[in-house]
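Scroll down for the structure; my scribbles are underneath it.
Quick note: the coordinates plus some simple rules give every number you see, no bench work behind them. All values reported here derive from a predicted model rather than from experimental measurement. Here the Cβ positions follow ideal geometry from the backbone for every residue, glycine too, while neighbour counts run over all protein chains shown.
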Amino acid sequence: TPTTLTVLAPAGAVGMVHVRVSTVAGSSLSSPADEYIYLGAPKVTRLTPARGSHEGGNTVTLTGTSLTGSTAVSFGAAIATPVVISDTGLSVVVPPDTNGDGQVNVTVTTPQGTSTLTSSARYTYAWPAPRVAAVSPTIGLPAGGTSATITGANFASVTKVLFGSKAATIESRT
């Protein structure tokens, strides 16, 4: 007696259905082994976390629908390769922020299409706070005008330097 059937699935609505086989002796019972999923275009409903370093490298979990078969996840113009966990979840290592965009749209691509842009599919690349390691010289006249060198880290996006509550003029960045 045959133990394998090859069939063409009929058209169906997006989602999971049970495949049932019928004979003159009756029909198969539903079980997890007979689940079949009709895939639609992917949809992203949540990113966890939705924020990380501009350098990338952290892992983000995307929650949504129709994620099975995902071939790429785009963070703005940067593309990453996903690891699919299930039809409703995948994880991806965030690529670096190559454009300094700050907040970017996240889309998922599958053979069924690319997810649409939604507010729940936004990722924020954060720059780490600056850190001052030293100021040289450490003294100056009240009239100002002393050239001071500040060393430290994360000075890439400096918008201002304050001495107390007074703004300094930035002469150079190296």
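Across the chain, the mean sequence separation of Cα contacts (distance under 8 Å, 6 or more residues apart), normalised by length, yields a relative contact order of 17 percent.
Using C-alpha pairs under 8 Å with a sequence gap of at least 6, the mean separation divided by the residue count of region 94-174 gives a relative contact order of 20 percent.
Compared with the alpha-carbon gap, the fully stretched path from Gln103 to Ile37 is longer by 20.4 nm at 0.36 nm per residue.
Between Gly15, Gly76, Gly144, the Gaussian network model of the chain with springs among Cα atoms under 10 angstrom shows the greatest mean-square fluctuation at Gly144.
Could you check which residue among Ser22, Ser157, Ser91 shows the biggest mean-square fluctuation in a GNM of the chain with a 10 Å Cα cutoff? Result for the chain, Cα springs under 10 Å: Ser22 fluctuates most.
Pick out which of Gly164, Gly56, Gly100 has the largest mean-square fluctuation in a Gaussian network model of the chain, springs linking Cα atoms closer than 10 Å. Per the Cα network of the chain with a 10 Å cutoff, Gly164 tops the list.
Taking 0.36 nm per residue of separation and subtracting the current Cα-Cα distance, fully stretching the chain between Leu29 and Ala129 would add 30.1 nm.
When the Cα positions of Ala78, Gly102, Ala41 are compared along the charge dipole of the chain, Gly102 comes out farthest toward the positive end, with charges on each C-beta of Lys, Arg, Asp and Glu. Selection among Ser53, Leu162, Gly140 by position relative to the dipole of the chain gives Gly140 as farthest towards the positive end (Cβ unit charges, Cα centre). Averaging over all projection directions, the Cα-based convex hull of the chain occupies 15.2 nm² in the image plane.
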